[in-house]
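Novice: The structure that follows is given in the form of structure tokens.
The values are calculated or read from the model by the stated rules, or taken from the named source; none is laboratory data. In this text the structure is predicted, and so the values were computed from the model without any measurement. Neighbour counts run over all protein chains shown; Cβ positions are idealised from the backbone, glycine included.
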Amino acid sequence: MELRVISSSEDELELEIAGEDHTFLNVLKRTLLDTPGVAAATYDMNPEQSGGQVDPVLTINTDGAVEPLDTLESACQTIQESSSAFWTAYTAA
């Protein structure tokens, strides 16, 4: 997975995420929205209407109390923990 920062400020982060699709981005967006301090999380996957973008762009807006990069790290850790718990339950079944 390749990440490219498009823009970054104290309360907003825009990342291009190469090679990913709705499957991962929906999980990431939902987890971000459940993360304290996140005001909004969206992604855009429509290159034809986005000025020629070819990879999805994730945008995270925070309430200013937390850094967007910190919320991304927290969301990724949550996804990893949930995935591990699911895998453990699946293999035990």
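Novice: Within the group Pro68, Pro56, which residue is surrounded by 15 or more Cβ atoms within 10 Å (Cβ to Cβ), in contact (Cβ under 8 Å) with a residue 60 or more places away in the chain and at negative phi?
Specialist: One residue alone meets the criteria, Pro68.
Novice: Restricting the search to segment 60-82, which residues are assigned to a helix (DSSP H, G or I) and within 13 Å of Ala40 (Cβ to Cβ)?
Specialist: Correct list: Pro68, Thr71.
Conditions tested, residue by residue: (1) assigned to a strand (DSSP E or B); (2) under 19 Å from Gly64 (Cα atoms); (3) modelled with pLDDT under 95.
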position: Ile17; (1), (2), (3): yes, no, yes
position: Asn26; (1), (2), (3): no, no, no
position: Arg30; (1), (2), (3): no, no, no
position: Ala41; (1), (2), (3): yes, yes, no
position: Gly51; (1), (2), (3): no, no, yes
